[in-house]
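Before any comments, here is the structure.
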Amino acid sequence: MTLTTAPRQTIIVAGLGYGDESKGATVDYLAAALPDVVAVVRWSGGAQAAHNVRHGHRHHTFSQFGSGTFCDVRTILRAPMLVNPILLVAEADALESQGVVDPLGLVTADANCLVTTPIHIAMNRAREIARGAARHGSTGLGIGETVAYDLAVRAHAKAGETIGNFAAPADAPSVPALRVGDLRDQAATVRALDALARYADPLLQAVDDPDAVCGTVQQLADELCASAEDIAIVDDLAGVLGAAMDAGTVIFEGSQGVLLDEWHGFHPHTTWSTITPRHLVGELEAAGRRPFVLGLTRAYSTRHGAGPMPTEDRRLQLPEPDNREGRYQGGWRTGHLDLPALRYAAKVAGRVDGVALSHVDMLPFASRSGVPLLVADSWNSRREPLGSPTHHDLAGLQALTRPAQHARPDLMPLSTDPCEVARLIDAAVGAPVVLIAAGPQRRNRVLVGEMGSNRRAG
């Protein structure tokens, strides 16, 4: 398959690292460069996304809105993405200040999406505080707690029972977890929030967090229901998606990177979401669509917070205006290009048809700084040191994590020529580089190869 400028394409954008691979900027560029983009679909993660888009004087960190919003492209929120309606409204206000007209009018939400509430956020932060130095690197935005609570309810979990790697603070209630569709019914919202608050109370009482301010159940219900009033909530999301794909090009914007995937990342420093696109590919193909999977990588490695990162080099000091240390997530880390990790990411993704390579402007910058970027083609003399978990269990994840924890990267010089780096990545991923970025702006990106090296978005 190739990515072209033909109409009615289906494109999946997926990070091949630990996140921060320029997903937002790439989606923004494609929305401007391709002739008929009608929707951006957010299909994983939740409000923890931080997809930075810069175009001229405009800059926004996209969280739940699709990163095509500056091009007035519609956003579709599709389960299993998690939705935080309160933060969605706040993001809409920020976008309106950037000149977007009626941002919430551009949003369609799947009624089946789980809702992340201030209670989930407080639970998340309480657990991270309790972990102390053993923190997992959470963003502190309640993502894991939202999923874990739903799982606990479905499993009728008892107090102390382990859900993933979380201990249930109380017996799970019989009331289902709150979903976006419930926000159309005030009474249903109150019932769901009351059950959640009772479940969370033992955890919140056990940890002193001065920032944990949730309000009363009624106050939360009022705010959540009001937040959803201007969002188009649909029960037939498949029908909505089908109509969009019939009308034009649809971009599925992933979250984070596959090295943080819940079943393919390095446990416990992973997310509670499926980041790999293979299941989405299967669903789309079953519906008669043939998606193009665009994998994203920088010319070097980056990571937020704790967890294995074999090529990390603390001497590397590269400009990073949009990423910094977070209270719960931890520090920003930089390392050399890691081909074994990239090969593994491409393998677990299931299929990668093309690659978007970003931050190539850092190649000469690093060289001039005195700490040039390098490349690892192997760890401990092994080109493919990582297996793939065969079962969805913590034992399999731990077996995957150990080689990464004890990896010694075999580093070699890395060319400062983007074309040479692109050839290395072609070989590692098994797919051509079709887009190259040499800066943060839309104008710094160019389509190459099958897409035409002279096309640029303005």
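The values are calculated or read from the model by the stated rules, or taken from the named source; none is laboratory data. Everything numeric here is computed off the predicted structure, so don't read it as measured data. Ideal geometry is used to build each Cβ from the backbone, glycine not excepted, and the neighbour counts take in all protein chains shown.
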Filtering region 154-191 down to residues that are touching an Asp or Glu at 6+ places or on another chain (Cβ under 6 Å) and either surrounded by 16 or more Cβ atoms within 10 Å (Cβ to Cβ) or outside the structural domain of MET123 (by TED's automatic domain parsing) (or both) yields ALA168, ALA177, ALA188, THR189
TODO: Return yes or no: is THR276 part of a loop (DSSP other than H, G, I, E, B) and within 22 Å of GLY46 (Cα to Cα)?
DONE: yes
The condition from (1) more than 23 Å from the chain's Cα centre (by Cα); (2) crowded, with 21+ Cβ neighbours inside 10 Å that LEU106 misses is numbered (1)
Flagged in region 295-311 as touching a Ser or Thr at 6+ places or on another chain (Cβ under 7 Å) and within 13 Å of TRP379 (Cβ to Cβ), in numbering order, are SER301, PRO308, MET309, THR311
Would you confirm whether any residue within region 67-85 is within 29 Å of LEU337 (Cα to Cα) and assigned by TED's automatic domain parsing to the domain that holds PRO291?
yes
Going through (1) of a type outside the set (A, V, I, L, M); (2) surrounded by 18 or more Cβ atoms within 10 Å (Cβ to Cβ); (3) touching an Asp or Glu at 6+ places or on another chain (Cβ under 7 Å) one by one, GLY248 fails only at (2)
**Asked** Does region 4-26 contain at least one residue that is of a type in the set (Val, Ile, Thr), closer than 15 Å to GLY257 by Cα, in the same structural domain as GLN256 (by TED's automatic domain parsing) and part of a helix (DSSP H, G or I)?
**Response** yes
| said: Just to be sure before I move on: is LEU224 surrounded by 13 or more Cβ atoms within 10 Å (Cβ to Cβ), among the aliphatic types (A, V, I, L, M), more than 25 Å from the chain's Cα centre (by Cα) and under 22 Å from MET81 (Cβ atoms) in the structure I sent? | reply: no
Filtering region 1-36 down to residues that are touching a helix residue (DSSP H, G or I) at 6+ places or on another chain (Cβ under 9 Å), within 20 Å of GLY248 (Cβ to Cβ) and buried (at least 24 other Cβ atoms within 10 Å of the Cβ) yields ILE12, VAL13, ASP28, TYR29, ALA31
Checked GLY215, GLY330, GLY239 against criteria (over 23 Å from HIS60 (Cβ atoms), at pLDDT below 90, assigned by TED's automatic domain parsing to the domain that holds SER378 and surrounded by fewer than 24 Cβ atoms within 10 Å (Cβ to Cβ)); the one match is GLY330
How many residues of region 395-441 are without any contact (Cβ under 8 Å) to a residue 40 or more places away in the chain and among the basic types (Lys, Arg)? The answer is 2
Turns out the helices (runs of 4 or more DSSP H) fully within region 357-458 with at least 3 residues that are under 17 Å from LEU316 (Cβ atoms) and at pLDDT 95 or above are 362-369
The residue that is surrounded by the fewest Cβ atoms within 10 Å (Cβ to Cβ), considering only those in region 281-310 that are in a strand (DSSP E or B) and hydroxyl-bearing (Ser, Thr, Tyr), is THR302
